[in-house]
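K.L.:
The structure is given below, and queries will be raised subsequently.
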Number of protein chains: 2
Amino acid sequence: MALARVHNFSISLDGFGTGEPQSLESPFGHAGERLHEWMFATRYWDDDGQSGMDAVYASRHDVGFGAEIMGANKFGPPGWQDDPDWRGWWGDDPPFHTPTYVLTHRPRPSVEMEGGTTFHFLDASPADALATAMEAAGGLDVRLGGGASMIRDFVRAGLVDHMHVVQVPIVLGRGVRLWDGLDALEERFDIEAVSSPSGVTHLTMTRKHAP
Amino acid sequence: MALARVHNFSISLDGFGTGEPQSLESPFGHAGERLHEWMFATRYWDDDGQSGMDAVYASRHDVGFGAEIMGANKFGPPGWQDDPDWRGWWGDDPPFHTPTYVLTHRPRPSVEMEGGTTFHFLDASPADALATAMEAAGGLDVRLGGGASMIRDFVRAGLVDHMHVVQVPIVLGRGVRLWDGLDALEERFDIEAVSSPSGVTHLTMTRKHAP
Ligand SMILES: NC(=O)c1ccc[n+]([C@@H]2O[C@H](COP(=O)([O-])OP(=O)(O)OC[C@H]3O[C@@H](n4cnc5c(N)ncnc54)[C@H](OP(=O)(O)O)[C@@H]3O)[C@@H](O)[C@H]2O)c1
Ligand SMILES: NC(=O)c1ccc[n+]([C@@H]2O[C@H](COP(=O)([O-])OP(=O)(O)OC[C@H]3O[C@@H](n4cnc5c(N)ncnc54)[C@H](OP(=O)(O)O)[C@@H]3O)[C@@H](O)[C@H]2O)c1
């Protein structure tokens, strides 16, 4: 059965998936690029990068997906909805290569990009959005792309099968926290923590099956 | 030089050092004993326990200390200051075996226990309390015993040399959070994360020396 999975979602020790304020110049606010340096150092990101544990985990991001769902704040900086020409951060050939659903309360017509990515804009509940994306994914999995707010919503609605979260040894103090409202997550997920020689810790959470 | 060190301080994935509400029946509130099960399973705690990585880390708690400082809420449940007979959770022979300073805004006379522990009650700034404890420790280190509030205060005052924090794979959602107000901790400490086969992750933080 096709799964809903989160991959390479990076948080600080204190659980923030982004700093603040988010802006065109600083998509991650005061966090800058520090949440993702572990990934930039891998061959997954850079041909000259390392191929150790971090690269192994990171590469799972691209395997087996037929669609992505992301939150409005991943798609663009605050106010992108007022710019009819905004087409995301990723240039003409975004790294999704599948139908990609952007959750927003201000939907607009779909945009077909190069390389197989089409952005669709959805104002829908998490369950309805997932059903739509699953349909489009044609039997492959659906990536839940973040940010933290939409991942939290999907977890709370019981819609997430696997989560890969990367804990980076920095303390951000403010931003959007992944854990808020996820009390007792361990009752619904098997949680594994594996620290990497690079300094980050890979957390994988696998939904428990009914006994 | 003698150091101020934190050992075996356990937190949830979302950073809480205790659940709530704290009470005589449930010192850790809704967290119950879950923050410390990793330690109960070790030979450090139980003669029949395991002697793997968790035991190795845990045993550092007892080595090289000449005094401890703890917060009022570690010493007793809310309201203990109204009970003149309250002498802590630990029976007649508490596991400190040194002078032990309890920070409280309602100090009382010192109490000598068995086994070398004497409780002293201090209403003092973190810096003054540490100076007092260092003096009493006679060249040995001072343990900062927690809870989270007092550790945060001591870190913010720049008084902590080493911290060993154990991250347990549960999400508590509420309680007292270790990380609050510790933004940019990585600028002042080298942070190492090592996951254990038991499922917990040992974080050690070592104060950086001026270059
Ligand atoms: N740490 C990582 O690995 C990682 C990964 C991805 C993204 N990020 C970063 O995380 C930040 C964004 O995260 P975030 O938590 O602020 O926001 P987000 O989850 O990306 O987006 C939340 C927004 O999406 C819209 N939305 C969500 N659910 C909806 C629904 N069911 N129906 C309609 N609209 C819905 C709402 O926007 P409107 O009401 O405005 O339409 C909502 O405010 C960005 O800085 C991004 O770069 C980090
Ligand atoms: N997770 C772990 O490994 C671990 C370790 C130790 C303890 N704990 C738990 O953590 C909880 C306690 O933590 P907490 O953060 O609530 O409180 P805490 O740090 O133990 O105590 C804070 C209290 O100590 C007093 N205090 C602190 N600094 C002071 C100063 N400079 N001068 C005078 N008084 C001062 C104040 O109490 P008053 O104003 O009331 O006097 C303050 O409210 C308990 O549940 C305990 O069992 C957990």
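The values are calculated or read from the model by the stated rules, or taken from the named source; none is laboratory data. Just so we're clear, the structure is a prediction, and the values are computed from it rather than from any experiment. Neighbour counts run over all protein chains shown; Cβ positions are idealised from the backbone, glycine included. Surface accessibility is based on the protein's heavy atoms, side chains included, excluding ligands, DNA and RNA. Shrake-Rupley method; radii C 1.70, N 1.55, O 1.52, S 1.80 Å.
K.L.:
With the full set of protein chains in place, find how many percent of the accessible area of segment B:27-85 is carbon and sulfur; take the probe as 1.4 Å.
P.N.:
Percent of accessible area from carbon and sulfur atoms in segment B:27-85: 49.
K.L.:
For segment B:177-186, in order, what is each residue's ³J(HN,Hα) by Karplus, 6.51 cos²θ - 1.76 cosθ + 1.60 with θ = phi - 60°, in whole Hz (x at glycine and Pro)?
P.N.:
For segment B:177-186, the Karplus curve yields 8, 5, 7, 4, x, 9, 3, 6, 3, 5 Hz.
K.L.:
When ligands, DNA and RNA are left out and all protein chains stay put, how many square angstrom of accessible area per residue does the protein assembly as shown have with a 1.4 Å probe?
P.N.:
45
K.L.:
Collect residues whose amide H, placed 1.01 Å from N in the peptide plane, falls under 5 Å from the amide H of A:THR42; neighbours closer than 5 in sequence don't count.
P.N.:
Placed amide hydrogens put A:GLN50 under 5 Å from A:THR42.
K.L.:
Shortest first and in nm to one decimal, what separations exist between B:LEU140 and its copies in the other chains, measuring from label points 7 Å along the Cα-to-beta-carbon line?
P.N.:
Copy-to-copy label distances at B:LEU140, shortest first: 6.2 nm.
K.L.:
Quote the charge dipole size of segment A:42-173 about the Cα centre in Debye, to the nearest 20; the model charges only the Cβ of Lys and Arg (+1) and of Asp and Glu (-1).
P.N.:
Details: 9 positive and 19 negative charges, 104 e Å.
Computed about the Cα centre, the dipole is about 500 debye.
K.L.:
Quick one: net charge around A:GLY49, please, counting Lys, Arg +1 and Asp, Glu -1 for every other residue with C-beta under 13 Å from its C-beta.
P.N.:
Working: positive: A:ARG43; negative: A:GLU37, A:ASP46, A:ASP47, A:ASP48, A:ASP54.
Once positives and negatives cancel, what remains is -4.
K.L.:
If each Cα of the protein assembly as shown is one equal point scatterer, what is log10 of I(q)/I(0) from the Debye formula at q = 0.06, 0.07, 0.08 Å⁻¹?
P.N.:
One equal scatterer on each Cα of the protein assembly as shown leads to -0.30, -0.40, -0.51.
K.L.:
Looking only at other chains, what is the average number of their beta-carbon atoms within 10 angstrom of each beta-carbon in B:178-188?
P.N.:
5
K.L.:
Pop out the ³J(HN,Hα) list for segment B:194-209 in order, Karplus 6.51 cos²θ - 1.76 cosθ + 1.60 with θ = phi - 60°, rounded to Hz; leave Gly and Pro as x.
P.N.:
With coefficients 6.51, -1.76 and 1.60, one gets 9, 7, 9, x, 6, x, 8, 10, 8, 9, 10, 10, 10, 4, 6, 8 Hz.
K.L.:
Please get the size of the charge dipole for segment A:88-148, origin at its Cα centre, with Cβ charges of +1 on Lys and Arg and -1 on Asp and Glu, quoted in debye to the nearest 20.
P.N.:
200
K.L.:
Same structure, new question: Long-range amide H contacts for A:THR118: which residues qualify at under 5 Å (H placed 1.01 Å from N, peptide plane, sequence gap of 5 or more or a different chain)?
P.N.:
Hits under the 5 Å cutoff: A:THR98, A:THR100, A:MET113.
K.L.:
So for segment A:1-128, taking the charge dipole from beta-carbon charges (+1 Lys/Arg, -1 Asp/Glu), which of A:THR100, A:SER51, A:SER23 sits furthest toward the positive end?
P.N.:
Going by the Cα projections, it comes out as A:THR100.
K.L.:
What does the net charge come to around A:MET1 if you take all other residues with beta carbon closer than 10 Å to its beta carbon, with K and R at +1 and D and E at -1?
P.N.:
-2
K.L.:
Hey, for B:PRO77 with labels 7 Å out along Cα-Cβ, what do the inter-copy distances come to in nm, ordered shortest first?
P.N.:
Between copies, matching label points for B:PRO77 lie 5.4 nm apart.
K.L.:
Take every DSSP beta bridge with both residues inside the protein assembly as shown and express the antiparallel ones as a percent of the total, to the nearest 5.
P.N.:
For the protein assembly as shown, the DSSP antiparallel bridge percentage is about 45.
K.L.:
Still on this structure, I have one more. Which value, in square angstrom to the nearest 100, describes the accessible area buried between chains B and A on both sides, using a 1.4 angstrom probe?
P.N.:
Rounded to the nearest hundred, the buried surface is 1900 Å².
K.L.:
Using only alpha carbon pairs under 8 Å that are at least six residues apart, calculate the relative contact order of segment B:90-211 and give it in whole percent.
P.N.:
With pairs under 8 Å counted, the relative contact order is 18 percent.
K.L.:
Averaged over its residues, how many other protein chain Cβ atoms are within 10 Å of peptide B:189-201's Cβ atoms?
P.N.:
Values: counts 2, 2, 6, 3, 11, 3, 8, 2, 0, 0, 5, 1, 6.
Across the residues of B:189-201, the mean count of other-chain Cβ atoms within 10 Å is 4.
K.L.:
Using a Cα-Cα cut-off of under 24 Å, which lysines could be cross-linked to B:LYS74, ignoring same-chain neighbours fewer than 8 residues away?
P.N.:
none
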